[in-house]
Amino acid sequence: MLITNLINVDISSGRIQKHYEDKGYSLPRRYDKRGRLTVRKGTLMTVAVSDLPPSSGLIVKYKCDMCGDEKSIKYEHYVKATHQGICGFCVTTKLQVGKNNSSYIHGEYMQKGK
């Protein structure tokens, strides 16, 4: 479960500006020396985490649904994770045990005993 709801984003890049304009955000634009309407370099804007692009490398905090620990992770890793909201420790120790393990073969322990 994500703890971070709002995050500050640098909106200097043109692709980022287009992404947030498509999401409905109004950007703080100004005219430069040449008369072009631009966003000042280094401008930060507060946006909802759900509006971040899936490839965003910003750090977000989440709470593990199994152990309850608070963890920090890049948003792109959180989106791509198979078990969203569960920390890596819980995935390897609690979810991939016994029949949930991909290398589990039913009855293998009986064959080793012979």
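Within the bounds of region 4-14, is there any residue that is modelled with pLDDT under 90 and assigned to a helix (DSSP H, G or I)?
There is at least one residue in region 4-14 that is modelled with pLDDT under 90 and assigned to a helix (DSSP H, G or I).
Which condition number does Val9 fail, the rest of (1) surrounded by 15 or more Cβ atoms within 10 Å (Cβ to Cβ); (2) in contact (Cβ under 8 Å) with a residue 12 or more places away in the chain; (3) more than 30 Å from Gly88 (Cα to Cα); (4) not aromatic (Phe, Trp, Tyr) being met?
Failed condition: (3).
Do you know which residues across region 57-76 are without any contact (Cβ under 8 Å) to a residue 24 or more places away in the chain and either within 19 Å of Gln17 (Cβ to Cβ) or in contact with a His (Cβ under 6 Å, 6 or more places away or on another chain) (or both)?
Within region 57-76, just Gly57 meets the criteria.
Between Arg34, Arg30, which is loosely packed, with under 13 Cβ neighbours inside 10 Å and either part of a strand (DSSP E or B) or modelled with pLDDT under 90 (or both)?
Being loosely packed, with under 13 Cβ neighbours inside 10 Å and either part of a strand (DSSP E or B) or modelled with pLDDT under 90 (or both) holds for just one of Arg34, Arg30, which is Arg30.
Conditions first: (1) among the β-branched types (Val, Ile, Thr); (2) exposed (fewer than 14 other Cβ atoms within 10 Å of the Cβ); (3) at pLDDT below 90. Val91 passes all but one, so which condition is the exception?
(2)
Please go through region 37-62 and pick out each residue that is part of a loop (DSSP other than H, G, I, E, B), surrounded by fewer than 16 Cβ atoms within 10 Å (Cβ to Cβ) and out of contact with any Phe, Trp or Tyr (no Cβ under 9 Å at 6 or more places or on another chain).
Arg40, Lys41, Gly42
For region 49-65, enumerate the residues that are among the hydrophobic types (A, V, I, L, M, F, W, C) and over 9 Å from the mean Cα position of the chain (by Cα).
Cys64
The values are calculated or read from the model by the stated rules, or taken from the named source; none is laboratory data. It should be emphasised that the depicted structure is a prediction, and the values quoted were computed from it without experimental measurement. Neighbour counts are summed over all protein chains in view; Cβ atoms, including those assigned to glycine, are modelled from backbone coordinates with ideal geometry.
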